[in-house]
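Enquirer: Attaching a single structure in structure tokens format; questions to follow.
The values are calculated or read from the model by the stated rules, or taken from the named source; none is laboratory data. None of these values were measured; they are calculated from a predicted model. Using ideal geometry, Cβ is built from the backbone for each residue, glycine included, and neighbour counts are taken over all protein chains shown. Just the protein is used for accessible areas: all its heavy atoms, side chains included, with ligands, DNA and RNA removed. Shrake-Rupley method; radii C 1.70, N 1.55, O 1.52, S 1.80 Å.
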Amino acid sequence: MPSPLTSPAAAAANFEFRSAEHVPETHEWPGLHDHPSVEAAAAGRDAVPVVDLGGGGDPAAVARAVARAAEEWGAFLLVGHGVPAGVAARVEEQIARLFALPAAEKDRAGRRPGEMNGYGRPPYAVRFSRLMWSEGYTFAAAAVRDEFRRVWPDGGDDYLRFCEVMEEHHREMMALGGRLADVFFRALGLTDEQIAAGETERKIRESLTATMHLNLYPRCPEPERAIGLAAHTDSGFFTLITQSPVPGLQLLRRGPDRWVTVPAPPGAFAVVLGDLFQLLTNGRYRSAFHRAVVNGDRDRISVPYFLGPPPDMKVAPLAAALPPGGKPAFRSVTWPEYLGVKGKASGFDASALAMLQVPEEADKNVSVVPPVPTKH
Ligand SMILES: C=C1C[C@]23C[C@@]1(O)CC[C@H]2[C@@]12CCC[C@@](C)(C(=O)O1)[C@H]2[C@@H]3C(=O)O
Ligand SMILES: O=C(O)CCC(=O)C(=O)O
Ligand SMILES: [Fe+2]
């Protein structure tokens with residue numbers, strides 16, 4: 001067996017998931033079952049919220065559903081979004097083809113130390129001594145053609161087809177992200193007129209940047225011993241996840257602590273809120289602590305589309321999110337600054353936001369960040 005801990009990109013590229021009959025020690029994660037995994041229920045406390053954007057529904061009712069989901073779960077399933085079903089199918093087909101390329105070809109795009117983009121393990125993997133049961137590829141959604149010249153230096157039909165499909169996905173997701181941003185603002189209590197006139201809200205919506213991270217979770221011979229993606233919160237504003245019909249995304253729910261498996265109905269996107277959205281909404285919306293498990297039967301592909309501010313934008317709590325007469329609970333921060341802060345925290349979760357909190361003594365009226373879980 002290769003020595004997977006030597007080089008991250010080589011580790012992901014060279015480990016033969018396909019021929020593994022067992023999960024080696026390098027990929028075995030302790031503590032995965034500290035909390036039980038449960039299927040989402042149709043109703044009740046384990047029913048993952050579903051938001052329907054279509055069907056001519058009452059916008060106020062949609063905003064209420066989004067507010068409830070964002071406050072209580074930090075996540076929901078999105079249906080009625082209007083994105084044609086064929087887009088997700090084409091995206092999944094192209095991603096499967098990308099990951100099926102010989103290791104040497106994917107390795108041409110191997111993520112180099114300190115770089116964000118490229119093929120290999122996800123950026124936060126450097127924090128762990130164990131390897132995850134997945135292959136990944138991160139890139140700026142607006143720079144597909146440049147990025148994938150690394151994999152296909154001579155261009156060609158495969159390259160062009162891949163780029164066209166990713167660009168189609170990017171167009172659809174960016175349009176949906178902008179619509180959803182307005183729904184989130186409405187859910188904070190803003191009227192359409194206030195949203196249109198609000199300089200900050202407009203700036204946020206119009207300057208959204210998108211990063212894509214392609215995940216392939218190969219079928220695993222011992223799924224109970226491995227993890228596809230270790231538990232974390234996303235750091236940006238919100239993430240639109242296209243998933244193959246094989247479930248695997250789990251959300252941690254407290255009291256009693258349990259991992260709720262998010263269903264993957266065809267055509268639905270999972271929407272997961274990130275830490276900077278928690279900050280933007282002054283702690284009113286919550287980022288979701290989540291992970292991806294693997295299974296023994298089938299490969300799973302997921303395509304998170306991370307939306308966040310441009311790197312130089314200072315994110316501060318929105319005036320609309322403050323309680324009457326209240327002050328911001330957090331200092332302002334750029335996304336790269338926040339990633340630096342998060343990199344120093346013990347878990348990869350929203351506990352890093354505590355370091356940006358305005359001290360309580362400075363203002364007794366502001367809300368505090370609730371305790372966050374740290375288990376995988
Ligand atoms: C925009 C981003 C969010 C992300 C870091 C990144 O720059 C690109 C990859 C994203 C991802 C995907 C897997 C989990 C995660 C924690 C990681 O290490 O890389 C997230 C990052 C994040 O949300 O902070
Ligand atoms: O695979 C999934 O459903 C989740 C992916 C994810 O959380 C991520 O890439 O940040
Ligand atoms: Fe995530």
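Enquirer: Counting just the residues of the stretch 210-266 that are surrounded by 23 or more Cβ atoms within 10 Å (Cβ to Cβ) and free of Cβ contacts under 8 Å to residues at least 60 places away in the same chain, which one comes out farthest from ligand 1 (Cβ to nearest atom)?
Expert: Among those that are surrounded by 23 or more Cβ atoms within 10 Å (Cβ to Cβ) and free of Cβ contacts under 8 Å to residues at least 60 places away in the same chain, it is Gly248.
Enquirer: Please determine, by comparing only the residues of the stretch 4-39 that are part of a loop (DSSP other than H, G, I, E, B) and among the hydrophobic types (A, V, I, L, M, F, W, C), which one is modelled with the lowest pLDDT.
Expert: Initial filter on the stretch 4-39 (part of a loop (DSSP other than H, G, I, E, B)): 4-7, 15-24, 28-36.
Next, only the ones that are among the hydrophobic types (A, V, I, L, M, F, W, C) stay: 5, 15, 17, 20, 23, 29, 32.
On the way: Leu5: 40, Phe15: 79, Phe17: 92, Ala20: 94, Val23: 96, Trp29: 96, Leu32: 96.
Here the answer is Leu5.
Enquirer: Just checking, does the stretch 318-331 include any residue being assigned to a loop (DSSP other than H, G, I, E, B), modelled with pLDDT of 95 or more and under 17 Å from the mean Cα position of the chain (by Cα)?
Expert: Checked against the condition, which is being assigned to a loop (DSSP other than H, G, I, E, B), modelled with pLDDT of 95 or more and under 17 Å from the mean Cα position of the chain (by Cα), the stretch 318-331 yields no hits at all.
Enquirer: Could you list all residues from the stretch 98-120 that are free of Cβ contacts under 8 Å to residues at least 12 places away in the same chain and not in a loop (DSSP other than H, G, I, E, B)?
Expert: Result: Ala104, single match.
Enquirer: Is one or more of the residues making up the stretch 272-281 within 14 Å of ligand 3 (Cβ to nearest atom), touching a residue at least 60 places away in the same chain (Cβ under 8 Å) and among the hydroxyl-bearing types (Ser, Thr, Tyr)?
Expert: Within the stretch 272-281 (the criterion being within 14 Å of ligand 3 (Cβ to nearest atom), touching a residue at least 60 places away in the same chain (Cβ under 8 Å) and among the hydroxyl-bearing types (Ser, Thr, Tyr)), the answer is no, since none of the residues qualifies.
Enquirer: Something else now. For the stretch 65-97, how many residues are in a helix (DSSP H, G or I), among the aliphatic types (A, V, I, L, M) and closer than 30 Å to Asp158 by Cα? I'd like the intermediate steps shown before the answer.
Expert: Kept after step one, since they are in a helix (DSSP H, G or I), are these residues of the stretch 65-97: 65-72, 85-97.
Okay, now just the ones that are also among the aliphatic types (A, V, I, L, M), so 65-67, 69-70, 85, 87-89, 91, 95-96.
Narrowing the set further to residues that are closer than 30 Å to Asp158 by Cα leaves 85, 87-89, 91, 95-96.
Of the residues in that region, 7 qualify.
Enquirer: Keeping to the stretch 101-133, report how many residues are within 16 Å of ligand 2 (Cβ to nearest atom) and open to solvent by less than 10 Å² (accessible area, probe 1.4 Å).
Expert: Step one: filter the stretch 101-133 for residues within 16 Å of ligand 2 (Cβ to nearest atom), giving 111, 116-128, 131-133.
Now restrict to residues that are open to solvent by less than 10 Å² (accessible area, probe 1.4 Å): 118-120, 125, 131, 133.
Count: 6.
Enquirer: Looking only at the stretch 267-295, which residues are part of a loop (DSSP other than H, G, I, E, B) and open to solvent by less than 30 Å² (accessible area, probe 1.4 Å)? Steps first, please.
Expert: Here is the first cut: in the stretch 267-295, the residues part of a loop (DSSP other than H, G, I, E, B) are 267-268, 274, 281-289, 293-295.
The answer is Ala268, Gly274, Thr281, Asn282, Gly283, Tyr285, Ser287, Ala288, Phe289, Val294.
Okay, residues lined up against (1) surrounded by fewer than 19 Cβ atoms within 10 Å (Cβ to Cβ); (2) of a type outside the set (A, V, I, L, M, F, W, C):
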residue: Asp34; (1), (2): yes, yes
residue: Ser37; (1), (2): yes, yes
residue: Ala43; (1), (2): yes, no
residue: Ala47; (1), (2): yes, no
residue: Pro59; (1), (2): yes, yes
residue: Val62; (1), (2): no, no
residue: Ala69; (1), (2): no, no
residue: Ala75; (1), (2): no, no
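Enquirer: Could you run through the stretch 180-209 and say how many residues are closer than 23 Å to Gly80 by Cβ, of a type in the set (Lys, Arg) and exposed (fewer than 14 other Cβ atoms within 10 Å of the Cβ)?
Expert: 0
Enquirer: Residues in the stretch 121-146 that are within 11 Å of ligand 1 (Cβ to nearest atom) and either assigned to a strand (DSSP E or B) or touching a residue at least 24 places away in the same chain (Cβ under 8 Å) (or both): how many? Can you show your working first?
Expert: If we filter the stretch 121-146 for residues that are within 11 Å of ligand 1 (Cβ to nearest atom), which is where we start, we get 121-128, 132, 134, 136-141.
Narrowing the set further to residues that are either assigned to a strand (DSSP E or B) or touching a residue at least 24 places away in the same chain (Cβ under 8 Å) (or both) leaves 121-122, 124-128, 132, 134, 136-141.
Adding up the residues that qualify gives 15.
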